[in-house]
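Okay, structure first, notes after.
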Amino acid sequence: MKSLVKNLTMAALIGGLTIASAPSKVYSQINKPQEPSIFSALKEQKPLSNLNFYFETEGYGNLDYSGSKKHVMAWLSSKSNTKEDKLGHIWFYYGDTNDDDVYDYVKIEKNSSPIRSQEKFYFNFDTKKIDYVLNIYEFCSGTLADCDKIISKSYNNITQEEAKQLGADFLERIKEFSSVQKEFSRFNSEQLEELVRKEYSHKLKMADGRLAGNSRIPIEKFLSEEEIKKVENYPKEKKERIEKEKLEQERWEKIRKEQEEAKKPKVRLKMGGGIVLNTKSSHIGSYLGITPQLTNKKGKGFAAGLDIFVMNSKIDFERSGGREDNKETIKWSKGTPIESLISETLYTNSISAKNTNRFGLNLGYVSPSFEIFTSAGFLRQKSIITTTAVTEEYIEDHGVKQGESSFKTEKTIWGSKELPFYFGFGIEIFPSFKKNNHKKNFSFSIDALIAGSGGEIYSSYSPEDVSLPMQAIIKAGLKYTFGK
């Protein structure tokens with residue numbers, strides 16, 4: 001608004017304001033009583049004749065200015081309302097803000113899509129000036145409190161001269177507000193109805209996306225160009241904001257669902273095969289295994305599962321089985337042995353140990369491109385032991401070997417089953433040539449494990465126990481992951 005001079009009086013402006021008496025409460029419809037024919041003719045020419053007029057006096061309510069005071073309200077509605085069901089296109093309030101029986105406050109609310117407006121006038125009889133507020137809201141079906149406020153402009157201490165600068169019709173409105181009050185003491189609502197219908201006929205509008213004011217509400221003087229543009233652009237900006245918020249909400253909802261989905265345990269099954277090599281042997285074997293896994297995140301995170309393999313890892317080695325000597329006296333001389341049969345046996349154990357099964361637990365960390373893991377459990381180890389006994393026999397006379405020795409060789413084959421403990425670690429690498437977020441189910445896997453000693457195998461065929469060595473096993477191959 002242009003700078004307004006604030007020192008002129010307002011006597012002529014509010015001179016028509018009268019102190020109203022305190023009438024009894026009335027809730028009525030204007031066309032109810034019998035009236036002279038001249039008024040009937042006027043009614044036929046009333047603007048917005050399709051809307052019914054209602055008013056109520058001596059009510060008390062929150063005037064939005066200084067608390068709950070006495071007020072008169074009038075409204076237009078397309079429905080036959082009851083006292084409890086007030087639905088209006090325009091609401092017109094006169095308020096007594098200090099309870100002195102003078103209506104010094106006017107509030108006008110107009111409901112018309114796509115905007116709603118609210119104007120407030122406060123008449124200060126001491127300073128003879130007016131406070132004016134214009135609020136513009138988006139249109140919504142609820143109360144104004146439910147609607148978004150787009151613009152709020154306040155002008156305080158407006159003088160009569162300043163009101164003229166805003167436009168003749170704006171000043172005329174204020175005079176009408178004052179003159180209509182005179183009718184309240186006689187409960188003649190004709191002039192009030194005419195004012196309310198006239199006010200609704202001059203509501204703010206949106207025409208072809210532009211805010212259209214009028215002479216009674218000169219928005220070009222109330223609002224700046226930027227503020228008018230703000231009102232005009234609000235529906236589009238709100239639609240864009242709602243769409244953006246919807247997309248953002250959908251994005252977060254997707255993230256939330258993914259996070260919830262990621263928290264759910266997910267079962268995966270790995271199957272694979274390849275070659276296996278024992279570092280203590282040149283034998284290259286094969287393996288086939290499955291690993292059921294339970295993961296807590298999709299595509300990455302910690303995983304736990306079983307480590308189950310059928311394998312053919314073989315190691316061949318020999319172990320000395322000890323020595324066994326035997327001396328048998330053949331001749332005696334005066335109670336002294338003079339000739340003896342000596343028997344010396346050397347035992348050698350040839351062992352072929354084969355790892356046939358592996359069963360344990362697997363713990364790993366899974367990422368989209370690789371997986372590292374550790375495993376621990378037991379090997380099923382089957383050993384074939386061939387004990388070779390070479391026996392040398394000769395005659396000894398007075399402690400001296402006589403003649404040639406004779407040799408005898410015997411072989412005994414026997415078996416043993418052990419469950420040595422193993423600990424392993426390894427890595428899986430998923431191929432990187434997959435594109436377009438295609439699941440990389442195939443992976444190259446390599447791991448190594450250390451198998452503990454199978455313990456000592458005791459047999460009557462050998463005077464000493466057979467000790468199975470610790471061994472390192474390396475295996476490499478391909479895996480396929482179901483449910484990656």
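The values are calculated or read from the model by the stated rules, or taken from the named source; none is laboratory data. Because the structure is predicted, anything quoted here is derived from the model rather than measured. Quick reminder, even Gly has a Cβ in these numbers, built from the backbone with ideal geometry, and neighbours come from all protein chains shown.
Some points to look at:
- On inspection, Glu226 qualifies as out of contact with any helix residue (DSSP H, G or I) (no Cβ under 6 Å at 6 or more places or on another chain) and exposed (fewer than 11 other Cβ atoms within 10 Å of the Cβ).
- Hey, Leu247 aliphatic (A, V, I, L, M) and within 21 Å of Tyr93 (Cα to Cα) or not: no
- Filtering the range 353-368 to residues that are of a type in the set (S, T, N, Q) and touching a Ser or Thr at 6+ places or on another chain (Cβ under 7 Å) leaves Asn355, Asn362.
- Within the range 461-472, the set of residues being in contact with a Gly (Cβ under 8 Å, 6 or more places away or on another chain) and crowded, with 20+ Cβ neighbours inside 10 Å comprises Ser462, Val466, Leu468.
- Matching residues, the range 203-229, being in a loop (DSSP other than H, G, I, E, B) and more than 21 Å from Asp131 (Cα to Cα): Asp208, Gly209
- Test: residue in the range 415-423 that is within 18 Å of Phe309 (Cβ to Cβ), surrounded by 14 or more Cβ atoms within 10 Å (Cβ to Cβ), of a type in the set (Ser, Thr, Tyr) and at pLDDT 90 or above: yes
- Which listed residue is within 55 Å of the chain's Cα centre (by Cα) and in the same structural domain as Phe55 (by TED's automatic domain parsing), from Gln165, Gln160, Gln118: Gln118
Residue-by-condition table, conditions (1) hydrophobic (A, V, I, L, M, F, W, C); (2) exposed (fewer than 13 other Cβ atoms within 10 Å of the Cβ):
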position	(1), (2)
Lys164	no, no
Leu171	yes, no
Lys175	no, no
Gln191	no, no
Ser201	no, yes
Gly213	no, no
Val231	yes, no
Lys236	no, yes
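- Restricting the search to strands (runs of 3 or more DSSP E) fully inside the range 113-164 and requiring at least 3 residues that are of a type in the set (D, E, K, R) and closer than 16 Å to Val231 by Cα gives an empty result.
- Any hit, the range 61-73, residues being assigned by TED's automatic domain parsing to the domain that holds Glu176, modelled with pLDDT of 85 or more and either outside any loop (DSSP other than H, G, I, E, B) or surrounded by 14 or more Cβ atoms within 10 Å (Cβ to Cβ) (or both): no
So that you can scan it fast, the table gives a plain yes or no per residue for (1) of a type in the set (Asp, Glu); (2) in a strand (DSSP E or B); (3) in the same structural domain as Leu468 (by TED's automatic domain parsing); (4) surrounded by 12 or more Cβ atoms within 10 Å (Cβ to Cβ):
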{"position": "Lys239", "(1), (2), (3), (4)": "no, no, no, no"}
{"position": "Glu258", "(1), (2), (3), (4)": "yes, no, no, yes"}
{"position": "Ser281", "(1), (2), (3), (4)": "no, no, yes, yes"}
{"position": "Gly285", "(1), (2), (3), (4)": "no, yes, yes, yes"}
{"position": "Gly289", "(1), (2), (3), (4)": "no, yes, yes, yes"}
{"position": "Ala303", "(1), (2), (3), (4)": "no, yes, yes, yes"}
{"position": "Ile338", "(1), (2), (3), (4)": "no, yes, no, yes"}
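- Qualifying residue in the range 199-217 (condition: free of Cβ contacts under 8 Å to residues at least 24 places away in the same chain, among the β-branched types (Val, Ile, Thr) and within 30 Å of Asp169 (Cβ to Cβ)): no
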